[in-house]
Amino acid sequence: MSPNNIISSADRILVTGSNGFIGAKVVEILLEYGFSNVRCFVRPSSKLDRLKQMLAKYPAGKTAEIVAGDLLSREDCQKAADGVSVIYHLAAGMEKSFAGAFMNSALTTRNLMDAFLEHGRPARFVNVSSFTVYSNLKMERGALLDETCALEDNAQERFDAYCFGKLKQEELVRQYGEKRKLPYVILRPGAVFGPGKKALSGRVGIDTFGFFIHLGGENQLPLTFVDNCADAIVLAGLKPGVDGEIFNVVDDDLISSGEFLSAYKRKVKPFFSVRVPFFVANAMCSLWEQYSKRSQGQLPPVFNRRRAAAEWKGNRFSNQKLHERLGWKPRVNMEQAMNAFLAQYESRTP
Ligand SMILES: NC(=O)c1ccc[n+]([C@@H]2O[C@H](COP(=O)([O-])OP(=O)(O)OC[C@H]3O[C@@H](n4cnc5c(N)ncnc54)[C@H](OP(=O)(O)O)[C@@H]3O)[C@@H](O)[C@H]2O)c1
């Protein structure tokens, strides 16, 4: 571990969502770096197989703590944040309702930040947000999307509860930074992929209508392999001099949606897909949106222009800030990452 970290290897670290797809990797990398006082927060209902298997692999896993609770409870947040120096906050609401997303992304974050300020020893609060917060509605196709780009200003019209929850969460974190001097860093990962997550990103296409509609064409995908993403998250909690900063997380040597789909078809299963260019997808989404408005919501506006822009318009992505300010480098290159992702389909794991 570098002597330039803001904490020592014995300081207490809390990871929320520690049993999740990315959270378990964050815990693993912390143990690998030699942090011996890692507290893993899980919900009482969580299946802990992934986390327990991973803890067993590392000597420092023996001293890691598992604390069960719900971040909606202020009492549980106090238990979680007690004596903690750095929080990696990955727990989030993935539900489709706006109320659910608000509760499990924004309210939980508020409870946790309050507990951290009152019961912790706050050195850094790492908030894991998402690319979903961006709006590229007014951006040109192919323009570079980086940390300075506009955020979505109408998540309701985009009919995207997850985006709404993440925007509210970020807003709160920035407020706590300004008003209560919470030292924070926000990370916005793109599409995180790797073993443990089999679903294809919606940015590639959709199979809602009984066959696969390939909407991503030759657009670059904002991919980040789970190990690379988790490493960026870990660094964000350790590096000095980055309080109040925001980092996009995407890998180097990004591939296109078409390349991703071809590799998937070659390795996993061939299937029929229809490629729909963006201008057609955008026109269809616009018609769907108008009809939904006219039918006064009888047809939910699941397809709309904002969503079309966010997922299929096609932008380029930068990880320059991640390299320069956090000293991040991908642990795994894109070829190795794709091989590891596709290899999971050979095993019988669900
Ligand atoms: N996966 C991606 O492609 C991606 C992309 C960009 C950003 N992110 C962000 O990265 C973070 C981790 O994502 P992931 O893919 O690892 O998700 P995940 O596997 O679904 O993990 C999310 C975790 O949050 C926990 N959680 C939800 N509500 C909670 C609450 N009220 N109290 C305590 N824990 C709660 C869940 O617990 P249970 O196990 O009990 O349900 C789950 O373990 C999230 O913030 C997500 O928004 C993910």
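The values are calculated or read from the model by the stated rules, or taken from the named source; none is laboratory data. Predicted model, so just to flag it, every value in this text is computed and none were measured. Quick reminder, even Gly has a Cβ in these numbers, built from the backbone with ideal geometry, and neighbours come from all protein chains shown.
Out of the stretch 295-327, which residues are closer than 24 Å to residue 25 by Cα and buried (at least 22 other Cβ atoms within 10 Å of the Cβ)?
Filtering the stretch 295-327 down to residues closer than 24 Å to residue 25 by Cα leaves 317-327.
Across the stretch 295-327, the qualifying residues are 319, 322, 326.
Report, by residue number, each residue of the stretch 72-91 that is in contact with a Leu (Cβ under 8 Å, 6 or more places away or on another chain), buried (at least 18 other Cβ atoms within 10 Å of the Cβ) and under 26 Å from residue 162 (Cα atoms).
Within the stretch 72-91, 77, 80, 81, 86, 87, 88, 89, 91 qualify.
Check the stretch 119-130 and report whether any residue there is surrounded by 22 or more Cβ atoms within 10 Å (Cβ to Cβ), touching a residue at least 12 places away in the same chain (Cβ under 8 Å), out of contact with any Leu (no Cβ under 9 Å at 6 or more places or on another chain) and not in a loop (DSSP other than H, G, I, E, B).
Checked against the condition, which is being surrounded by 22 or more Cβ atoms within 10 Å (Cβ to Cβ), touching a residue at least 12 places away in the same chain (Cβ under 8 Å), out of contact with any Leu (no Cβ under 9 Å at 6 or more places or on another chain) and not in a loop (DSSP other than H, G, I, E, B), the stretch 119-130 yields no hits at all.
Provide a single number: the residues in the stretch 9-55 that are under 13 Å from residue 69 (Cα atoms), of a type in the set (Gly, Ala, Ser) and touching a residue at least 60 places away in the same chain (Cβ under 8 Å).
Count: 2.
Looking at (1) under 30 Å from residue 235 (Cα atoms); (2) crowded, with 17+ Cβ neighbours inside 10 Å, find the lone condition where residue 289 falls short.
Against the list (1) under 30 Å from residue 235 (Cα atoms); (2) crowded, with 17+ Cβ neighbours inside 10 Å, residue 289 comes up short only on (1).
Restricting the first residue to the stretch 240-256 and requiring it to be in a strand (DSSP E or B), which pairs with a second residue that is among the β-branched types (Val, Ile, Thr) and crowded, with 16+ Cβ neighbours inside 10 Å meet a Cβ separation below 8 Å and a spacing of at least six or different chains?
246/185; 246/186; 247/185; 247/186; 249/224; 249/233
Tell me the residue from 38, 26 that is in contact with a helix residue (DSSP H, G or I) (Cβ under 6 Å, 6 or more places away or on another chain) and away from the ligand (no atom under 13 Å from the Cβ), please.
Only one candidate qualifies: 38.
Considering (1) part of a helix (DSSP H, G or I); (2) within 8 Å of the ligand (Cβ to nearest atom); (3) not acidic (Asp, Glu), say which one residue 72 fails and leave the rest.
The single condition residue 72 does not satisfy is (1).
Which residue, of 8, 105, 73, 36, is under 22 Å from the mean Cα position of the chain (by Cα) and polar (S, T, N, Q)?
Details: 8 fails: under 22 Å from the mean Cα position of the chain (by Cα); 73 fails: under 22 Å from the mean Cα position of the chain (by Cα); 36 fails: under 22 Å from the mean Cα position of the chain (by Cα).
Going through 8, 105, 73, 36 in turn, just one is under 22 Å from the mean Cα position of the chain (by Cα) and polar (S, T, N, Q): 105.
Residue by residue, here is whether (1) assigned to a loop (DSSP other than H, G, I, E, B); (2) at pLDDT 95 or above; (3) surrounded by fewer than 16 Cβ atoms within 10 Å (Cβ to Cβ); (4) within 12 Å of the ligand (Cβ to nearest atom) holds:
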residue	(1), (2), (3), (4)
93	yes, no, no, yes
99	no, yes, yes, no
108	no, yes, no, yes
136	yes, no, no, no
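Just for the stretch 1-23: of the residues that are polar (S, T, N, Q) and either away from the ligand (no atom under 16 Å from the Cβ) or part of a strand (DSSP E or B) (or both), which one is nearest to residue 92 (Cα to Cα)? Let's see the steps before the verdict.
Start the filter on the stretch 1-23 by keeping residues that are polar (S, T, N, Q), which leaves 2, 4-5, 8-9, 16, 18-19.
Filter once more, so that each one left must be either away from the ligand (no atom under 16 Å from the Cβ) or part of a strand (DSSP E or B) (or both): 2, 4-5, 8-9, 16.
On the way: 2: 30, 4: 30, 5: 27, 8: 28, 9: 27, 16: 9 Å.
Only one residue fits best here, namely 16.
Taking the stretch 112-134 as the search range and keeping residues that are aromatic (Phe, Trp, Tyr) and either in contact with a helix residue (DSSP H, G or I) (Cβ under 8 Å, 6 or more places away or on another chain) or away from the ligand (no atom under 16 Å from the Cβ) (or both), which one is nearest to residue 312 (Cα to Cα)?
Among those residues, the one meeting the criterion is 134.
Restricting to the stretch 56-94, name every residue that is touching a residue at least 60 places away in the same chain (Cβ under 8 Å) and of a type in the set (A, V, I, L, M, F, W, C).
Selection gives 80, 81, 84, 86, 87, 90, 91, 92, 94.
Filter the stretch 24-69 down to residues that are of a type outside the set (A, V, I, L, M, F, W, C), under 19 Å from residue 232 (Cα atoms) and in a helix (DSSP H, G or I), then give me how many there are.
3
Kindly indicate which of 152, 170, 147 is within 15 Å of the ligand (Cβ to nearest atom) and without any contact (Cβ under 8 Å) to a residue 60 or more places away in the chain.
So the residue among 152, 170, 147 that is within 15 Å of the ligand (Cβ to nearest atom) and without any contact (Cβ under 8 Å) to a residue 60 or more places away in the chain is 170.
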